[in-house]
1. Name the residue that is nearest to residue 148 (Cα to Cα), counting only residues in the range 57-66 that are open to solvent by less than 30 Å² (accessible area, probe 1.4 Å) and over 16 Å from the mean Cα position of the chain (by Cα).
2. Restricting to the range 305-329, what's the tally of residues that are open to solvent by 80 Å² or more (accessible area, probe 1.4 Å), touching a residue at least 12 places away in the same chain (Cβ under 8 Å) and not hydrophobic (A, V, I, L, M, F, W, C)?
3. Would you tally the residues in the range 1-22 being open to solvent by 50 Å² or more (accessible area, probe 1.4 Å), in contact with a helix residue (DSSP H, G or I) (Cβ under 7 Å, 6 or more places away or on another chain), free of Cβ contacts under 8 Å to residues at least 40 places away in the same chain and among the hydrophobic types (A, V, I, L, M, F, W, C)?
4. Determine which member of the set 138, 147 is modelled with pLDDT of 95 or more, in contact with a helix residue (DSSP H, G or I) (Cβ under 7 Å, 6 or more places away or on another chain), assigned to a helix (DSSP H, G or I) and crowded, with 18+ Cβ neighbours inside 10 Å.
5. Counting only residues that are within 18 Å of residue 70 (Cα to Cα) and open to solvent by less than 80 Å² (accessible area, probe 1.4 Å), which one in the range 198-237 is farthest from the chain's Cα centre (by Cα)?
6. Looking only at the range 239-269, which residues are open to solvent by 80 Å² or more (accessible area, probe 1.4 Å) and either at negative phi or of a type in the set (Gly, Ala, Ser) (or both)?
7. Is there any pair with a first residue in the range 255-271 that is farther than 11 Å from residue 224 by Cα and in contact (Cβ under 8 Å) with a residue 12 or more places away in the chain and a second that is of a type in the set (A, V, I, L, M) and open to solvent by less than 90 Å² (accessible area, probe 1.4 Å) whose Cβ atoms are under 6 Å apart and which are 6 or more apart or on different chains, and what are they?
8. Would you mind telling me which numbered condition in (1) β-branched (Val, Ile, Thr); (2) open to solvent by 30 Å² or more (accessible area, probe 1.4 Å); (3) touching a residue at least 24 places away in the same chain (Cβ under 8 Å) residue 278 fails?
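The values are calculated or read from the model by the stated rules, or taken from the named source; none is laboratory data. The structure presented is a predicted model; accordingly, all values stated were derived computationally and were not measured. All Cβ positions, glycine included, derive from the backbone under ideal geometry; neighbour counts span all protein chains shown. Keep in mind that these areas ignore ligands, DNA and RNA; they rest on the heavy atoms of the full protein, side chains included. Shrake-Rupley method; radii C 1.70, N 1.55, O 1.52, S 1.80 Å.
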Amino acid sequence: MGIPVDLFTALRNGDRSALARAITLIESTRESDKPQARALLEACMPFSGQSIRIGMTGIPGAGKSTMIDVLGLLLLQQEHRVAVLAIDPSSARSGGSILGDKTRMERLAQEDGAFIRPTAAAGHLGGVGRRTREAIVLCEAAGYDRLLIETVGTGQTELEADALSDVNVLLLIAGAGDELQGIKRGIMESADVIVFTKCDTAKEHARKAAGELRSALQLLPPRWHGGRPAVLVTSAITQEGIDELATGIESLSAKNGASGKLEQRRREQDLLWLDHAVNESLRSAFMRHPGVAAALPSMKQAVLDRDKSPFAAADEMLELFRKGDGPLP
């Protein structure tokens with residue numbers, strides 16, 4: 001099955017509804033949709049890569065959506081086209097998600113030059129969605145040159161945002177204890193810019209926390225571009241620090257682009273997402289394998305009954321997969 005030509009043409013012409021439909025297609029889990037999704041993605045690849053990809057991560061309540069709303073409006077004023085890929089946490093019980101980001105970015109959502117796509121994490125770890133990488137390609141092919149990737153907001157687990165972004169922005173709240181974690185590995189080590197938000201309510205405290213964090217960050221190794229994170233104090237309400245944040249993102253991206261480090265970074269990210277794609281395809285083929293599908297219920301029951309360890313059950317099903325003639329991914 002070939003590329004959906006009408007959808008591709010509309011997407012390339014900047015049609016937001018076409019972009020939304022295209023993302024829905026690549027997010028589909030139906031086997032019948034996969035050939036068209038792959039064809040569309042391949043057609044869009046030559047038109048991708050011309051944006052600045054900005055990861056927005058941080059603890060719940062740090063104000064990621066509000067910051068994106070304000071920053072996105074500023075970028076629009078600078079004549080950029082802004083796409084927001086906002087990942088919402090999914091319920092562990094129902095698998096559902098609220099997907100309320102458009103209500104938290106009310107002003108940006110009303111702008112013609114902006115596209116906001118809320119997506120459920122659907123159990124995918126790392127703070128981003130299962131198809132966020134592919135959605136980036138589609139947004140860039142649709143002409144969006146500033147991409148804001150908002151993660152779930154679960155803290156130290158959100159490291160995949162760093163594998164998607166050119167500039168990773170970490171939002172913290174002064175007084176929440178985050179300023180003391182600058183010497184820890186993990187999410188602090190994956191930030192290019194660290195922003196203390198909501199400083200309008202405790203400006204002096206935020207500035208003190210920022211100073212302490214700048215000192216602590218000297219104990220961490222430099223980022224991939226050779227620098228250490230800038231630490232800013234901002235308020236989305238008073239607009240304090242927002243211009244500085246936007247300028248810092250643009251300057252860092254331009255510097256890394258001119259040095260060739262950004263191109264190298266993106267090549268390394270592509271290799272990482274190759275691994276992700278292979279792992280996902282292998283898991284899909286594994287679960288569709290007739291022998292595995294037939295054995296899985298009894299294996300699960302054996303593990304529940306403690307008749308088999310999870311490791312022994314996994315080894316047995318993998319052996320079934322190796323011996324059988326299962327479907328190709």
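1. To start, the set of residues in the range 57-66 that are open to solvent by less than 30 Å² (accessible area, probe 1.4 Å) comprises 57-58, 62-65.
Within this subset, residues satisfying the condition of being over 16 Å from the mean Cα position of the chain (by Cα) are 62-63.
Values: 62: 16, 63: 14 Å.
Per the stated criteria, the residue is 63.
2. 1
3. Here is the first cut: in the range 1-22, the ones open to solvent by 50 Å² or more (accessible area, probe 1.4 Å) are 1, 3, 5-6, 9, 12-13, 15-17, 21.
Then keep just the ones that are in contact with a helix residue (DSSP H, G or I) (Cβ under 7 Å, 6 or more places away or on another chain); that gives 1, 3, 12, 21.
So of that shortlist, the ones also free of Cβ contacts under 8 Å to residues at least 40 places away in the same chain come out as 1, 21.
Pick out the ones that are also among the hydrophobic types (A, V, I, L, M, F, W, C) and you get 1.
Matching residues across the range 1-22 total 1.
4. Details: 147 fails: assigned to a helix (DSSP H, G or I).
Every option except 138 fails the conditions.
5. Taking the range 198-237 as the starting set, the residues that turn out to be within 18 Å of residue 70 (Cα to Cα) are 198-201, 232-237.
Now drop any that are not open to solvent by less than 80 Å² (accessible area, probe 1.4 Å), which leaves 199-200, 232-236.
On the way: 199: 26, 200: 28, 232: 22, 233: 24, 234: 23, 235: 24, 236: 22 Å.
Step by step, filter the range 198-237, then rank; the result is 200.
6. To start, the set of residues in the range 239-269 that are open to solvent by 80 Å² or more (accessible area, probe 1.4 Å) comprises 239, 243-244, 247, 255, 258, 261, 263-264, 267-268.
Correct list: 243, 244, 247, 255, 258, 261, 263, 264, 267, 268.
7. Here the result reads 269/163, each pair linking the range 255-271 to a residue that is of a type in the set (A, V, I, L, M) and open to solvent by less than 90 Å² (accessible area, probe 1.4 Å).
8. Against the list (1) β-branched (Val, Ile, Thr); (2) open to solvent by 30 Å² or more (accessible area, probe 1.4 Å); (3) touching a residue at least 24 places away in the same chain (Cβ under 8 Å), residue 278 comes up short only on (3).
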